[in-house]
Each structure stands twice: as structure tokens, then as C-alpha cells.
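Read the structure below first, then the notes.
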Amino acid sequence: MPDAKPFKSRLGDLWRFRQPLDLTQAGDLDHPHIPPRVGAKLLSAQGAPEILPEKCLITVHGFSATPFETHFLLDHLLEKYPAWQGSQIMLGAHGSDIAEFRKASWQDWQRPLEQELADLQRLGYPNQCVIASSTGCTLLLELLNRRCFPAVKQLVLVAPLVEPREKTMRLAALARKAGVQAIANDFDPDWIACWYRELPLHAVHELDKLTRKLRRELKKGMVLPPDLEILIVQSRRDRVVDPHSASLIAQGLPHNHLETLLLDSHWHLPILPRPREPREDLIRWRVYAKIEQFLASPLRPWPETADLP
């Protein structure tokens with residue numbers, strides 16, 4: 001998603017980008033014939049496990065990106081815990097020809113996530129944890145609100161998008177009618193080549209519809225399995241997600257054990273390496289340690305009602 005900018009500045013961007021963008025470079029995700037640097041690796045493709053893993057980690061990335069967003073964290077966890085297994089999901093219409101992204105719905109983005117969770121459940125993979133980032137969190141919560149996956153026991157939500165920092169995202173429908181085709185994605189110069197530089201207004205409008213839907217569901221109150229544990233990781237000065245999103249999730253999930261880790265960081269994704277910013281990279285390692293602690297030390301199962309004093 002684009003960085004938060006003053007309202008007048010963003011309106012100027014919308015007017016300037018009435019024509020298709022021509023900003024891509026040879027190594028960019030949306031440059032013709034360039035495959036994603038990190039693609040999907042589905043655990044379900046291996047079939048039923050011969051030896052059940054202690055834990056199954058499923059990662060899902062955010063809007064306009066690929067699994068690169070979470071693969072540094074996933075690689076770290078799998079290297080430290082060899083008995084764990086991982087699955088990297090690529091959202092639908094992502095990581096391929098951007099022409100597909102220009103016309104896909106948010107349901108299209110979500111479909112591979114739902115399919116992989118269903119396949120892992122069918123194949124008998126136990127003790128699943130979903131690690132999601134940004135819009136991946138939005139898609140995940142919407143999915144879990146309407147479909148139960150009993151093997152999913154833990155969620156790690158990194159910068160979950162409920163309320164965007166960029167309020168003008170809600171103008172996407174009007175901007176499309178005015179002839180705007182796309183805006184530029186410019187929020188993370190360190191990793192920009194791993195996102196689509198072009199954000200089609202159709203896709204931004206779909207994202208707006210998705211976040212509005214989730215906000216409505218959270219306001220009504222969502223009923224997820226009570227033994228589902230949730231960890232939220234959120235930067236206080238996130239340039240993309242309004243940090244109030246974490247509070248909206250906590251209020252909308254009153255029956256779940258939920259922890260929130262608020263970081264003194266300005267990065268949207270504090271799980272990505274920042275070699276040029278030693279302090280931010282130190283924050284990343286602290287986040288990894290907290291996530292590892294959360295995953296390795298789950299709460300004891302809830303007792304049956306008859307066993308309660």
C-alpha cells in the first residue's frame with residue numbers, strides 16, 4: 001500500500017496517474033517476464049505426512065506483494081525448530097502478470113489461502129499456526145469468521161490491516177470514475193522491487209471493500225474458537241496501517257486470548273531485515289524472539305466444562 005501523505009498531495013497523485021504507470025525497472029516484480037523472488041511453497045503438495053510435525057506454520061503475505069514478506073521469519077523458525085514444517089502461500093493474482101492483478105477481486109486473492117488450509121486439514125496436519133502480514137491478516141480474519149479450521153491453533157498477525165493510515169483509499173471508486181487507472185507504490189524503498197510498483201485503482205477499491213467488510217464484522221463481534229490464541233505485532237508509527245487496527249481486533253474478538261506487541265518503529269513490516277538501520281534490525285530480532293516464544297509456549301488446552309470448579 002502507498003505511504004500516508006497529506007490529503008491534497010494524494011489527490012494530486014491521483015490526477016497525475018490518469019495514464020498507465022511507466023515506473024518499473026528490470027528487477028521489479030511487475031516488470032514483464034520477471035518471476036517473483038520468493039514464490040509459493042505449499043506443504044499440501046507433499047501429501048499426507050508420514051511423520052506428523054510438531055507444528056505447522058502457514059504464512060500469507062499482503063497486498064501487492066509475494067511471500068518474501070514473511071519468508072525471512074519463516075526460514076528463521078524452521079531452521080531453529082527442525083520438527084516444524086512450513087507452507088508459503090501466494091495470494092491469488094499476485095506474483096504473476098500484473099494484468100491479472102488489475103482485474104481480480106479480493107475473493108480471488110483469498111482463494112489460495114482457503115484452499116491450502118482446507119487441504120492441510122484434509123491431509124491431517126495438526127497444530128497449525130498462521131503467520132500473516134498486513135492484508136494477509138485481513139483476508140485471514142474474514143475467512144476464519146465464516147469457516148472453521150479446527151487444526152488452526154495460533155495466529156500471528158503482523159501489521160493487521162483493519163483501518164488504513166491512508167484515508168483517501170476510500171476515494172478509489174470516485175477516482176476510477178474520474179479516469180484514474182493506478183497510483184504509485186512508494187512506501188518502502190528498501191524492498192520496493194518485491195511489491196508491484198503499480199497499484200491499480202481496481203485493486204485499491206477491492207482492498208477498501210475488504211477492510212470495510214472486516215470492520216463491520218469486528219464491530220458486530222466475531223466468534224472464533226475460544227482456544228485460538230492470537231499475537232498482534234504492530235509498529236506505533238506504521239506508515240500504512242493505522243495502529244488503532246490492533247485495538248479494533250481486540251475489541252472484536254472478546255472470547256480469545258490475545259496479546260499485542262507495540263513497537264517503537266516506523267516500518268510497516270518490522271519482520272524484514274534492515275541492514276542499513278541497526279536499531280530497526282535489532283527490533284526485528286526482538287520481534288522474532290517474541291513470536292518464537294509465543295509459538296513454542298502455547299497455553300494449556302481449555303478444560304471441559306464439566307471439569308471446571
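The figures follow:
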{"quantity": "Pairs where the first residue, in region 205-230, is touching a residue at least 60 places away in the same chain (Cβ under 8 Å) and the second is aromatic (Phe, Trp, Tyr), C-beta under 7 Å, 6+ apart", "calculated": "Glu206/Trp106; Leu207/Phe63; Leu207/Trp106; Lys209/Trp106; Leu210/Trp106; Pro226/Trp302; Asp227/Trp302"}
{"quantity": "Filter result (out of contact with any helix residue (DSSP H, G or I) (no Cβ under 7 Å at 6 or more places or on another chain) and touching a residue at least 60 places away in the same chain (Cβ under 8 Å)) within region 138-149", "calculated": "Leu144, Cys148"}
{"quantity": "Strands (runs of 3 or more DSSP E) lying entirely in region 195-296 (those with 1 or more residues that are modelled with pLDDT under 95 and hydrophobic (A, V, I, L, M, F, W, C))", "calculated": "198-200"}
{"quantity": "Residue in region 45-59 that is touching a residue at least 60 places away in the same chain (Cβ under 8 Å), farther than 21 Å from Cys137 by Cβ and buried (at least 20 other Cβ atoms within 10 Å of the Cβ) present", "calculated": "no"}
{"quantity": "Flag if Thr70 is within 21 Å of Ala151 (Cβ to Cβ), under 13 Å from the mean Cα position of the chain (by Cα) and either crowded, with 17+ Cβ neighbours inside 10 Å or touching a residue at least 12 places away in the same chain (Cβ under 8 Å) (or both)", "calculated": "yes"}
{"quantity": "Residue count for region 206-251, restricted to those that are surrounded by 17 or more Cβ atoms within 10 Å (Cβ to Cβ) and in contact with a strand residue (DSSP E or B) (Cβ under 6 Å, 6 or more places away or on another chain)", "calculated": "9"}
{"quantity": "Tabulated pairs, region 76-96, first more than 17 Å from Glu116 (Cα to Cα), second among the aromatic types (Phe, Trp, Tyr) and surrounded by fewer than 23 Cβ atoms within 10 Å (Cβ to Cβ), C-beta under 7 angstrom, 6+ apart or interchain", "calculated": "His76/Tyr288; Leu77/Trp84; Leu78/Trp84"}
{"quantity": "Failed criterion for Arg102 (all others in (1) farther than 24 Å from Ile230 by Cβ; (2) surrounded by fewer than 20 Cβ atoms within 10 Å (Cβ to Cβ); (3) touching a Leu at 6+ places or on another chain (Cβ under 8 Å) hold)", "calculated": "(3)"}
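The values are calculated or read from the model by the stated rules, or taken from the named source; none is laboratory data. Because the structure is predicted, anything quoted here is derived from the model rather than measured. Neighbour counts are summed over all protein chains in view; Cβ atoms, including those assigned to glycine, are modelled from backbone coordinates with ideal geometry.
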